[in-house]
Amino acid sequence: MVILDSSAVLAALYQEQGTDVVTAHLEDETVITAVNFEETLRILVQRGMTWEAASRTLDELDAEVLDFTAGMAFESAARTAQLPAGLGIADRCCLGAAAKLRASVLTADRAWRDLGPIFGVDVIVIR
């Protein structure tokens, strides 16, 4: 299982570097947390897409949207002291979900390379 970070989804939607990596993983079992789904939806709308178009676009991803659970929150919160300042809540939620589910994470954020060992997960950086 691979969990999509918002940055990877946005990179693929805007045909940025790393799109091919995201597309290849979409053929496997990919999921996105409800928190990252919200972040992606919000960013698409902020960039000018209508709510309806943004919703349709994300539905076409064909990735299951996972509820964010208390267990995932615990995985994230338990590592707060080890995390760099400025790491957003959606980022922490994505990594916490991956830790709880023992899944890999797909991201466009190069800064996450050092976070994999903290969460005990494989972080795949698309560019």
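Quick notes
- Some residue of the range 114-125 being touching an Asp or Glu at 6+ places or on another chain (Cβ under 6 Å), touching a residue at least 24 places away in the same chain (Cβ under 8 Å), within 15 Å of VAL2 (Cβ to Cβ) and surrounded by 15 or more Cβ atoms within 10 Å (Cβ to Cβ): no
- Yes/no for ALA63 being at pLDDT below 95, of a type in the set (Gly, Ala, Ser) and buried (at least 16 other Cβ atoms within 10 Å of the Cβ): yes
- Residue pairs whose Cβ atoms lie under 6 Å apart, sitting 6 or more positions apart in sequence or on different chains, and linking a residue in the range 61-74 that is of a type in the set (Phe, Trp, Tyr) to a partner that is crowded, with 16+ Cβ neighbours inside 10 Å, are PHE68/THR33; PHE68/VAL35; PHE68/CYS93.
- Residue list for the range 1-19, restricted to those being in a helix (DSSP H, G or I) and closer than 15 Å to LEU44 by Cα: SER6, SER7, ALA8, VAL9, LEU10, ALA11, ALA12, LEU13
- Number of positions in the range 72-111 that are surrounded by fewer than 23 Cβ atoms within 10 Å (Cβ to Cβ), in contact with an Asp or Glu (Cβ under 8 Å, 6 or more places away or on another chain) and within 16 Å of ALA11 (Cβ to Cβ): 3
- Considering only residues in the range 1-33 that are in contact with an Asp or Glu (Cβ under 6 Å, 6 or more places away or on another chain) and not β-branched (Val, Ile, Thr), the one that is surrounded by the fewest Cβ atoms within 10 Å (Cβ to Cβ) turns out to be MET1.
- Residue count for the range 1-49 satisfying the condition of being touching a strand residue (DSSP E or B) at 6+ places or on another chain (Cβ under 6 Å) and among the β-branched types (Val, Ile, Thr): 6.
- Look at (1) assigned to a loop (DSSP other than H, G, I, E, B); (2) modelled with pLDDT under 95; (3) loosely packed, with under 14 Cβ neighbours inside 10 Å and you find that GLY48 fails only one, number (2).
- Qualifying residues in the range 52-104 (those that are more than 12 Å from the chain's Cα centre (by Cα), among the β-branched types (Val, Ile, Thr) and in a helix (DSSP H, G or I)) - the one farthest from HIS25 (Cα to Cα): THR80
- Lone unmet requirement of (1) part of a helix (DSSP H, G or I); (2) within 14 Å of VAL105 (Cβ to Cβ) for ALA24: (2)
The values are calculated or read from the model by the stated rules, or taken from the named source; none is laboratory data. Keep in mind it's a predicted model, so treat the numbers as computed, not measured. Please note: Cβ atoms are built from the backbone with ideal geometry, for glycine as well, and neighbour counts cover all protein chains shown.
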